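The values are calculated or read from the model by the stated rules, or taken from the named source; none is laboratory data. All of these numbers come straight from a predicted model, not from anything done at the bench. Here the Cβ positions follow ideal geometry from the backbone for every residue, glycine too, while neighbour counts run over all protein chains shown. Just so you know, the surface numbers come from the protein's heavy atoms only, side chains and all, with ligands and any DNA or RNA stripped out. Shrake-Rupley method; radii C 1.70, N 1.55, O 1.52, S 1.80 Å.
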Amino acid sequence: MTAYWAAHALLPTGIATDVRFEIDGGRFTSVRPGQPQGDAHRLPGVVLPGLANCHSHAFHRALRGRTHAGGGTFWTWRDGMYDVAAQLDPDSYLRLARATYAEMALAGITSVGEFHYLHHAPGGRPYDDPNAMGEALRQAARDAGVRLTLLDTCYLAGGLTDDGHEPLNAEQLRFGDVDVDAWVDRMQALREDDTTRIGSAIHSVRAVPREAIPTVVAATGERPLHVHLSEQRAENDTCVRYYGVTPTRLLQDGGALTARTTAVHATHLTQDDIGLLGRAETTACFCPTTERDLADGIGPARRLSDAGAHLSLGSDQHAVIDLFEEARALEMHERLTSHERGRFTLTGLHQALTAHGSLAWPDAGALAQGSRADLVAVSTDSVTTAGSAPAQIFYAATAGDVHTVIRDGDLVVEGGRHVLGDVGTLLTDAIDPLWEDAR
């Protein structure tokens, strides 16, 4: 048994003081406020549950600070993404993902949902192990001390036009399987372990034709199912012209909207779309720093929540890895569109920050007896957090204020330093060669 003590901690009942945590077997065996420190290890600042990053593309981390010359659009940004993807193999992907997940751990993230579609070698040739790239992600997360939900992504078409779905282009061939049945066979060969859950993803209605959606849903079963939804107006317009319905309605008709579904971005929705997502009690995952970086737009988070949908957060392309910033942006974007403050309560933001259940880790995300022993100690004496009320730390803290991170009882970050060492160097060593080869 290991014991920790914090002057302030965010329990399910709210901020508590003088909290003693006892951990055994990776779980909290006791969480008691109003206790003396005694022999427990003292944690600085305010202690929060581990954060959940519910939408990640690990290889996009290599694009940070590399895609801004000349402006452009989402579609021109995508060309740079293809250039980086073309350089990766299982070994280089392991190095990049390990460093990226370590950066997440430094930011207080203890679970990540990896929307994984970089499956095969360039040209679409399968590796000897057809899931070699997914296994690299599994190892990377384990090394970095972060739980992984590997959302193996079905990606069958190169796009959608008014005339129908296009074949995969040369850059996309490594993303796709021969057909939906081949995707099912490969996905179902993946196995869960103590730090990995397996789920599925529909890349988008552009990349998965309507007739394949029910097969993906059936193969997913009771596991999580994630999907990029209505990130761009062009997707909506083309879907309506070709299929006669919005992407949301297309997913609903294919049985893809359930309480296990997460709709990522959910930016350009009709009121009918919002109703469908809300009635199905789906989760809507917002990635505000990516959505503004790519000029996608501001999604209807408050209306989705009011309709019955749950909310989660992700760092997506990792223009920033800072879920405190994502949570603030969720609220601030609502303020910009509504001209009102306080669109989400502190409890609502906390729930979005800790939506581990949408990643099939329902026993994580709470500082409570029996829960997985994840905790994040955030400094309250930095230049950004000094003077902040513990209950409002979300509005002041940045990833750089994270002092200590414990995941399943294991110490991953202490004093702002990851157990792997200098994560900045790990990132540089993984990223720079990719751009040299791309040129």
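So what's the back-of-envelope 222 nm ellipticity for the chain, counting only DSSP H runs of four-plus at -39500 (n - 2.57) apiece and dividing by all residues, rounded to 500?
So the calculated ellipticity at 222 nm is -9500 deg cm²/dmol.
As an exercise, take the mean of 1/r over every pair of distinct alpha carbons in the stretch 66-185, invert it, and state the Kirkwood radius in angstroms.
For the stretch 66-185, inverting the mean 1/r across all distinct Cα pairs yields 15.6 Å.
I need the Debye-formula profile for the chain: one equal scatterer per C-alpha, no solvent, reported as log10 I(q)/I(0) at q = 0.07 1/Å, two decimals.
Calculated log10 I(q)/I(0) at the listed q: -0.32.
Just the C-alpha atoms of the stretch 112-176: what Rg/Rh do they give, with Rh taken as the Kirkwood radius? Don't skip to the end; give the middle numbers.
Details: Rg = 13.9 Å, Rh = 12.9 Å.
Using only Cα positions, Rg/Rh for the stretch 112-176 is 1.08.
Can you list the equivalent-ellipsoid semi-axes of the stretch 150-195, largest first and in whole Å, using the square root of 5 times each Cα gyration tensor eigenvalue?
26, 10, 9
Based on alpha-carbon centroids, what's the gap between the stretch 14-38 and the stretch 199-219 in Å, whole number please?
Each part reduced to its Cα centre gives a spacing of 44 Å.
Please state the relative contact order of the stretch 156-314 as a whole percent: Cα pairs under 8 Å, 6+ residues apart? Please report the intermediate quantities before stating the final value.
Numbers: 279 pairs, mean separation 28.5, N = 159.
Taking the mean separation of contacting Cα pairs over the length of the stretch 156-314, I get 18 percent.
Kindly provide the pair-distance distribution of the stretch 150-260 built from C-alpha pairs, with 10 Å bins from 0 and whole-percent values in order of increasing distance.
P(r) over the stretch 150-260, rounded to whole percents: 15, 47, 31, 6, 1.
Assigning unit charges at the beta carbon (Lys, Arg +1; Asp, Glu -1) and nothing else, what dipole magnitude in debye, to the nearest 20, does the stretch 191-280 show about its Cα centre? Display every interim value, and only then the final one.
On the way: 10 positive and 11 negative charges, 25 e Å.
Roughly 120 debye for the stretch 191-280.
Considering the dipole of the chain built from charges on the beta carbon (Lys and Arg +1, Asp and Glu -1) around the Cα centre, which of A170, Y4, T153 is farthest to its positive end?
My answer, from the dipole projection, is Y4.
Counting only DSSP beta bridges with both residues in the stretch 1-104, what percent are antiparallel, rounded to the nearest 5? Numbers along the way, then the final one.
Values: 14 of 19 bridges.
The antiparallel proportion sits near 75 percent.
Could you check the simple spin-label distance between D237 and E281, using points 7 Å along Cα→Cβ, in nm with one decimal?
A separation of 3.8 nm, rounded to one decimal place.
Which one, L118, L427, L106, has the greatest fluctuation when you compute a Gaussian network model over the chain with C-alpha springs under 10 angstrom?
L427
Which value, in debye to the nearest 20, describes the size of the charge dipole of the stretch 66-165 about its Cα centre when Lys and Arg Cβ atoms bear +1, Asp and Glu Cβ atoms bear -1, and nothing else is charged?
360 debye
To the nearest 10 degrees, how steep is helix 423-438 against the longest Cα principal axis of the chain, on a 0 to 90 scale?
Tilt relative to the chain: about 10 degrees.
For the stretch 239-329, build the charge dipole from Cβ charges (+1 Lys, Arg; -1 Asp, Glu) around the Cα centre, then report which of V240, L313, G297 sits farthest towards its positive end.
V240
Please give the FRET efficiency for T425 paired with Y82, using the beta carbon to beta carbon distance and R0 = 30 Å, rounded to the nearest 0.05.
For T425 and Y82, the calculated efficiency is 0.65.
Within the stretch 343-374, name every residue whose backbone N is under 15 Å away from a label modeled 7 Å from Cα of A259 along the Cβ vector.
It comes to 357-363, nothing else.
When the scattering of the stretch 321-438 is computed by the Debye formula from its Cα atoms alone, each counted once and equally, what is log10 I(q)/I(0) at q = 0.09 Å⁻¹?
-0.34
Let me know the volume per residue of the alpha-carbon convex hull for the stretch 276-316, in Å³.
Output value, Cα hull per residue: 61 Å³.
Could you order T270, T282 so the one with the most accessible surface comes first? Probe is 1.4 Å.
T270, T282
So for the chain, taking the charge dipole from beta-carbon charges (+1 Lys/Arg, -1 Asp/Glu), which of L43, L250, P433 sits furthest toward the positive end?
The one lying farthest along the dipole's positive direction is L43.
What ³J(HN,Hα) values, in whole Hz, does the Karplus curve 6.51 cos²θ - 1.76 cosθ + 1.60 give for the stretch 39-45 when θ = phi - 60°, with x put for Gly and Pro?
Per-residue couplings from phi come out as 8, 7, 6, 7, 9, x, x Hz.
Using Cα centres only, tell me the gap between the stretch 85-146 and the stretch 341-419 in whole Å.
24 Å
Could you work out the equivalent-ellipsoid semi-axes for the stretch 239-342, taking the square root of 5 times each eigenvalue of the Cα gyration tensor, largest first, in whole Å?
23, 15, 14
Would you mind getting the accessible area per residue of the stretch 173-308, heavy atoms of the protein chains only, 1.4 Å probe, in Å²?
I get 36 Å² per residue for the stretch 173-308.
Explain nothing, just the number: relative contact order of the chain, from Cα pairs under 8 Å at least 6 residues apart, as a whole percent. Each step should come with its number before you reach the end.
Working: 1007 pairs, mean separation 90.6, N = 439.
Relative contact order here is 21 percent.
Extension gain D185-A391, at 0.36 nm per residue separation less the Cα-Cα distance, in nm?
Once the chain is fully extended between D185 and A391, it gains 69.4 nm.
Rounded to a whole number, what % of the accessible area of the chain do carbon and sulfur atoms account for, probe 1.4 Å?
For the chain, the apolar C and S fraction of the accessible surface comes to 48 percent.
Across the stretch 253-270, in residue order, what do the Karplus-derived ³J(HN,Hα) couplings come to in whole Hz, using 6.51 cos²θ - 1.76 cosθ + 1.60 with θ = phi - 60° and x for Gly and Pro?
5, x, x, 8, 9, 9, 5, 8, 8, 10, 9, 8, 5, 6, 8, 10, 10, 7
Can you tell me the FRET efficiency between D363 and D163 if r is taken as the Cβ-Cβ distance and R0 is 56 Å, rounded to the nearest 0.05?
With a Förster radius of 56 Å, E is 0.70.
For A284, what residues show an amide H to amide H distance below 5 Å, using hydrogens built from the backbone and excluding near sequence neighbours?
Hits under the 5 Å cutoff: A263, H310, L311, S312.
For Cα pairs less than 8 Å apart in space and 6+ apart in sequence, what is the mean separation divided by the residue count of the stretch 245-394, i.e. the relative contact order in percent?
Relative contact order comes out at 17 percent.
Quote to one decimal, in nm, the extra length available between M1 and D193 on full extension: 0.36 nm per residue of separation minus the C-alpha distance between them.
In short, 66.8 nm is gained.
Rounded to the nearest 5, what % of DSSP beta bridges with both residues in the chain are antiparallel? Mind dumping the intermediate values first?
Working: 32 of 70 bridges.
Around 45 percent antiparallel, to the nearest 5.
Treat every Asp and Glu Cβ in the chain as -1 and every Lys and Arg Cβ as +1, leave all other atoms uncharged, and give the resulting dipole magnitude about the Cα centre to the nearest 20 debye.
It comes to approximately 940 debye.
For the stretch 138-218, give me the percentage of DSSP beta bridges that are antiparallel, rounded to the nearest 5 percent. Present the calculation step by step, with values, prior to reporting the outcome.
Details: 4 of 11 bridges.
So the antiparallel bridges amount to about 35 percent of the total.
Can you give me the orientation-averaged projected area of the convex hull built on the Cα atoms of the stretch 20-103, in nm²?
9.4 nm²
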